[in-house]
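Here's the structure we're looking at; comments come further down.
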Amino acid sequence: MKKSTSLFIIILIVSLLAPVLAQTTTAPLPAPSITAQQQPTQTQSTTAEDDEVVRITSNLVQVDAVITDQKGNHVTDLRQEDFEIYEDGRPQKITNFSYVSMETRAKATSTTTAAAPRDKNAPPVPPTRLRPEQVRRTIALVVDDLGLSFESAHYVRRTLKKFVDEQMQPSDLVAIIRTGGGMGALQQFTSDKRQLYSAIERVRWNPQGRASISAFPPLGRELDDPNQDSESEQTGRTARDLSNDTDQFRSELFTVGTLGALNYIIQGLKDLPGRKSVLLVTDGFTIFNTPDSLTSGGGSSAGTVSSDRVLEAMRRLIDLANRASVVIYTMDPRGLPTLGFTAEDNLSGMRPDQIQGALSKRSSDYIASQDGPNLLARETGGFSIRNTNDLSAGMRQVLDDQKGYYLIGYRPEESTFDPKTGSRRFHDIKIKVKRPDLRVRSRNGFYGVVNEVARAVPRTRVAQLNAALTSPFNSNGIRLRLTSLFGNDPQTGSFIRSLLHIEGRDITFTKDTDGWMKAVLDVLVITFGDNGTVVDQLTNTYTVRVRGKTYERALQTGFTYTLNLPIKKGGAYQLRAALRDSSSERVGSASQFIEVPEMNLNRLALSGIVISGSDPSAASNTAAGKPSTSAAATGTDSALSAPPPQMPEAQQEGTDSSERTDPQATPSVRRFKNGMVLQYDYVVFNAKVDKAAPRRTQLHTQVRLFRDGQPFYTGNPKPLDTTNQTDLKRLITGGALRLGTDMTPGEYVLQVVVTDMLAEDKYRTATQWIDFDIVK
C-alpha cells in the first residue's frame, strides 16, 4: 500500500485528472436548499432487550427456552411454577424468571416499512446502517462449503437469494458466511443487500471439501470377488481398508474445520445485539462410528469421523454458543432424497446381496450424517430442517421462531465451579414444563467456567488488533471513520483510495523533548477480495510527533491515514482496519464494503463520491460555484508518513489557511453543520457517445438524500453538459446542495443517479452513494 502525505479533493477520485477538473463547471451557487420540512415523519421504535440472555456466573446460571404446542405455535402465558430445571439430573430452585417478547419490535418494523410496490427499474435505495437499538434479529447464514455437494450448492444459492429478496426485514442484521472462506468470510454483519448478494455469488462447491458432485457417492466401488485367490483378495481388502482410513481421516479434518469455523463466527456474534441465531446449511456430518461404517460395497460415507475428537469439539462449540446467547439451527439442503438406484450407480458385477448391502449402507449413512447437525441444534435451543424440498419454507420456519423466549435462572451449587480441582466438567441442563402437551427447546449444557474467565480479554498487541479486526461490528475504543473510494486512471487502471480518520482525543500523547508530544500507534489493515482471500495487507507501527497548534488541532479534529490500493480486476472488496494506541492499549476498528466495476466491459460506472463542506458566506468559497480545491480545503487531515512516521514539518506549527476551513466538513470526516454548502464530486465512466454528434452524450444526473432509509430530498434529473470535457470516457462532474438551517442532526446518505439514454436498458443506470452526518 502506498502512503501519501497530502491529498487534493479531486485527487481522491482520479489522480492525474486535476487539470481537467479545473476546466469543468459544476452547479453554480446558490445551490438547491434542503430544509427540515422535507423530512418524513419518523415512528419511534421499541428499544431492544438490554438484559444478557445467557448468564453463567458463580452465583447465577440463566438460560433461555422456547415453548411450543403440538402444532409448533409459541406458548407465551406460562408462569414460573410451570417450570422445572435440572443440573446434572439434580433439581434446582428457580430464582429468576421472565418472558422476552420480540413481537412488538416486529410489528413496529412492519408498520414503518410498509410501502407501495417498488418499480423494478427504479434506482436501488441506499442501505441503512442499523444502530444497535434498532436491531431485532442478528442472523448468520453459514454455508458449510466444506461439506456441501455440487448439487446442493445450486439449491442453497437459490434459497439464499430468495431470503434476501423476500424474507429479510429492515431491522435484520445478516451475514452470509462460508465455512471454507477463512478470515475474510466473516464479513461485516450488514443490512446492505448488495453485500449479501456478493456473498451469495461466492457460494460454490468446494472440490477440496468432504462432499462430492452429487449428494450421495455413486455405487460401484470394487468389491470382493469370490473367484480371487486368497493373496489377491487380501491385497484388495488391504487397499480398500487404507482408502477407507484415508477417507475417514480426511472427513474428520473437514468436520473439525466446519466446527472451527462455527466457533470463529460465534466469537464474533457474542457482542452483537438482537436475538442472535446461526443457520448452518450442510449436507451433514457423522459424530458416531457405526459397525458398518468402514465396510466396502457402497463407497465411504462423506461424514464418518472419530467420535472422541469431534464430540469434544462439539461440546466446546455448544458451550461457546450458549454463553454467547446464540441459537443454532441446521438445514439439510439434500431435501427429500431418493435412496434407491441413480444413473450414476454402476451395478455391473455386483451380487444381489452386495447390491442390497450397498443400498442399506447408503440409507444408514444418510441417517447417520444428520446426527451431528441434529445434536448441535438440539443442544443450543434450535431445531433441524431436514427431509424437505422446500428450503425457503424451512428458512421461514427459522425466522418465525424468533418471536420470544423465557429466561430462567437458578443459583448454582459450589461444586458447579470447583476452583480446588481446576475441573472444567461439562454440566447438563434440562428444563421441563409440567404441562405434558408442550414441547421445550433450550440450551442443554455448559462447562464449569464463569463467563469472566471464558471471555478473557486478549492482552498482546497482535491479539488485540486481530480481535478488533475480526469483529463484525466496529470497535470503538478509538473512534475511526473509514472512507474508501473507487477510481480509475487511464495509465494506472483501477484503484481504491481509503482515508482512515482517527479521533485525536482518543489517542494518548506523552511528553517528548523540546515541547514535542508523541504517540505510538499500531496499524493493521487488510483488504479482502470477493472470495474471502487477502488481496493486500499492511502491518506497521507509527510514531506521531506534534507540537504547538498542530497538537491542539490533532486533539480537536484528529488526523487521517491515507492508503492507495491498485485493483487489477473488478469485484466486491472489503477493507478492514484496526488501530491500537500503545500507551492506553485502546483499540479501534472500521470496515467498508466497496464494489469495483469491471472496466473492460465498457458499461456505465461511477467513481466514489468525494464530499466536502463550505460556508456560503465566505467569499473564497463561492468563486466559480464551488469550494476551493487547495490543500487547505481538506482541513487538517494529515496522512501519516513513513519513514520516519511523523507529520510533515509544514503542518507542525499550523497555518492560517487551515484554520479558515471547518476541519469536520472534509472528505474523510464528513460532518456538516446546518446552513453549509455540501459540495460533491465524482467521475462518470464509459458513457455512450451520440453517433450524430461525436462530442456529445445523452446523460442525465439526479441527486437524492435519504434519512433512516427514507427519501428526504429528491432533485430533478438534469442533463450533463460535456462541452468542456477532454476525456469522454472519464467525465468529471459534481454539484452542490445548500443544507437547511433546521435539519435534524443525524446520519444521512447522498446518492447520485446517472442515466445514459444511449445505453442498453439493462446497463442504462449507475448509482453511487456516501453517508455523512449533520451535527450541531
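Coordinate-derived values only; no laboratory data. Computed from a predicted structure; not experimentally measured. Methodologically, a virtual Cβ is constructed for each residue, glycine included, from the backbone with ideal geometry; neighbour enumeration extends over all protein chains shown.
Things worth noting here:
- Label-to-label distance, Y197 versus A393, with points set 7 angstrom from Cα along the beta-carbon direction: 2.9 nm.
- Couplings 3J(HN,Hα) for the stretch 508-519, derived from phi with the Karplus relation 6.51 cos²θ - 1.76 cosθ + 1.60 (θ = phi - 60°), are 8, 9, 10, 6, 10, 6, 6, x, 6, 10, 10, 9 Hz, where x marks Gly and Pro.
- Built amide H within the under 5 Å cut-off of L272, gap 5+: none
- Applying 1/(1 + (r/R0)^6) with r as the Cβ-Cβ distance of T57 and T714 and R0 = 51 angstrom yields a FRET efficiency of 0.45.
- Note on V100 and S363: the model spin-label points, each 7 Å out from Cα along the C-beta direction, lie 4.4 nm apart.
- Protection proxy ranking, highest mean first, for peptides 488-496, 510-518: 488-496, 510-518, where packing is the per-residue count of other beta-carbon atoms within 10 Å, averaged.
- Positive contributions from Lys and Arg (+1) and negative ones from Asp and Glu (-1), summed over other residues with Cβ under 9 Å from the Cβ of F216, come out at 0.
- Links that overshoot a 27 Å alpha carbon limit, given the list K193/K270; K193/K729; K569/K691; K549/K776: K193/K729; K569/K691
- For L280, residues with placed amide H under 5 Å, excluding near neighbours: V142, Y329, T330, M331
- Once you reduce the stretch 535-568 and the stretch 384-448 to the center of their Cα atoms, the two points are 47 Å from each other.
- Förster radius 45 Å - calculated FRET efficiency between L311 and R505, Cβ distance, rounded to 0.05: 0.35
- Förster radius 60 Å - calculated FRET efficiency between R425 and Q556 (Cβ-Cβ, nearest 0.05): 0.65
- Full extension of the chain between D400 and I213 yields a length gain of 64.0 nm, computed as 0.36 nm times the residue separation minus the alpha carbon distance.
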